[in-house]
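Down below is the structure, laid out as structure tokens.
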């Protein structure tokens, strides 16, 4: 009893005020509840027109700030004075059209720039940023796969400028993730749904390698490090999960679901310029999460329990 009380006192003493953008997205909807469990004080910055989605059950435990103009962001930072800003907000479009350009620019660069400027003016000094490993095609230091990846690099370059003003940062570059509360049409979800619904799905030959990280592993890594100032060294870490061929992933999912024969391998061709293995730049630090042996258990826990 005494030890439990001491633990609670310590956690409260070391708790942080955290402001999170993109909190209603996939990673955010898993991270925010975990931060609350660790007794951190969490606030969410979202568009006035957006709901809380998967965080609706936590609205009594978090503070919500709505913004409709960029000037609102400064007022939020002034009022909330967070110890840390976790910047998850992003717009992912694999193949953009002309109509997407301004949306991508606003979401991935302009919004973040106003966040950084508001941090500078408000004396908020730490930010956890997220990039993508698809900034490094052919494992090069910079070779973006698409406009989305290019904007992620552009924002990181801007962030480096603000590092000179005393803003400490860490950027985590992600590949693919999966886990609870994922409504994205990602390959793991599509394969599981095909098995659960016993519906055929046409696929490529399946020899391409995926790199997938279970979101719980990512959340645990974030929580384990954000209280440490040394972590915010203005550098980048590439997050690597389990490398697995798409066809082997399909076999694991079939085993987990207890069915066979719903994956029509080779029915469709690989996409034009298909990248057969996710990039991993040799000159950037790496953190490996999600051991291969955990994939099946993670899939069962996420989709089948």
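Out of curiosity, is residue 191 assigned by TED's automatic domain parsing to the domain that holds residue 294 and surrounded by 15 or more Cβ atoms within 10 Å (Cβ to Cβ)?
On the way: assigned by TED's automatic domain parsing to the domain that holds residue 294: yes; surrounded by 15 or more Cβ atoms within 10 Å (Cβ to Cβ): yes.
For residue 191, the condition - assigned by TED's automatic domain parsing to the domain that holds residue 294 and surrounded by 15 or more Cβ atoms within 10 Å (Cβ to Cβ) - is met.
In region 228-270, what count of residues is obtained for those that are in a helix (DSSP H, G or I), out of contact with any helix residue (DSSP H, G or I) (no Cβ under 9 Å at 6 or more places or on another chain) and under 16 Å from residue 170 (Cβ atoms)? Walk me through it before giving the result.
Within region 228-270, the subset in a helix (DSSP H, G or I) is 229-231, 246-257.
Subsequent filtering for residues that are out of contact with any helix residue (DSSP H, G or I) (no Cβ under 9 Å at 6 or more places or on another chain) retains 229-230, 247-248, 251.
Retained after the next criterion (residues that are under 16 Å from residue 170 (Cβ atoms)): 229-230.
The qualifying residues number 2.
Among (1) assigned to a helix (DSSP H, G or I); (2) touching a helix residue (DSSP H, G or I) at 6+ places or on another chain (Cβ under 8 Å); (3) touching a residue at least 60 places away in the same chain (Cβ under 8 Å); (4) surrounded by fewer than 20 Cβ atoms within 10 Å (Cβ to Cβ), which single condition is residue 134 missing?
Going through (1) assigned to a helix (DSSP H, G or I); (2) touching a helix residue (DSSP H, G or I) at 6+ places or on another chain (Cβ under 8 Å); (3) touching a residue at least 60 places away in the same chain (Cβ under 8 Å); (4) surrounded by fewer than 20 Cβ atoms within 10 Å (Cβ to Cβ) one by one, residue 134 breaks only (4).
When you check residue 283 against the structure, is it out of contact with any strand residue (DSSP E or B) (no Cβ under 8 Å at 6 or more places or on another chain), in a loop (DSSP other than H, G, I, E, B), outside the structural domain of residue 38 (by TED's automatic domain parsing) and buried (at least 16 other Cβ atoms within 10 Å of the Cβ), yes or no?
Numbers: out of contact with any strand residue (DSSP E or B) (no Cβ under 8 Å at 6 or more places or on another chain): yes; in a loop (DSSP other than H, G, I, E, B): yes; outside the structural domain of residue 38 (by TED's automatic domain parsing): yes; buried (at least 16 other Cβ atoms within 10 Å of the Cβ): no.
So residue 283 fails the test.
Look through region 160-175, keep the residues that are in contact (Cβ under 8 Å) with a residue 60 or more places away in the chain and crowded, with 18+ Cβ neighbours inside 10 Å, and return whichever of them is nearest to residue 201 (Cα to Cα).
Of all residues in region 160-175, those in contact (Cβ under 8 Å) with a residue 60 or more places away in the chain come to 160, 163, 168-175.
Subset that is crowded, with 18+ Cβ neighbours inside 10 Å: 169-175.
On the way: 169: 42, 170: 40, 171: 36, 172: 33, 173: 31, 174: 27, 175: 24 Å.
It comes out as 175.
Considering only residues that are exposed (fewer than 15 other Cβ atoms within 10 Å of the Cβ) and not in a strand (DSSP E or B), which ones fall in region 54-86?
Once the filter is applied, which keeps residues that are exposed (fewer than 15 other Cβ atoms within 10 Å of the Cβ) and not in a strand (DSSP E or B), region 54-86 yields 56, 57, 59, 60, 61, 68, 69, 71, 75, 78, 79, 81.
Kindly provide the set of residues from region 87-120 that are in a helix (DSSP H, G or I), touching a helix residue (DSSP H, G or I) at 6+ places or on another chain (Cβ under 7 Å) and over 21 Å from residue 47 (Cα atoms), ordered by number.
Result: 120, single match.
The values are calculated or read from the model by the stated rules, or taken from the named source; none is laboratory data. Computed from a prediction, not measured in an experiment: that's the story for all the values here. Here Cβ is always computed from backbone atoms with ideal geometry, including for glycine, and neighbour counts include all displayed protein chains.
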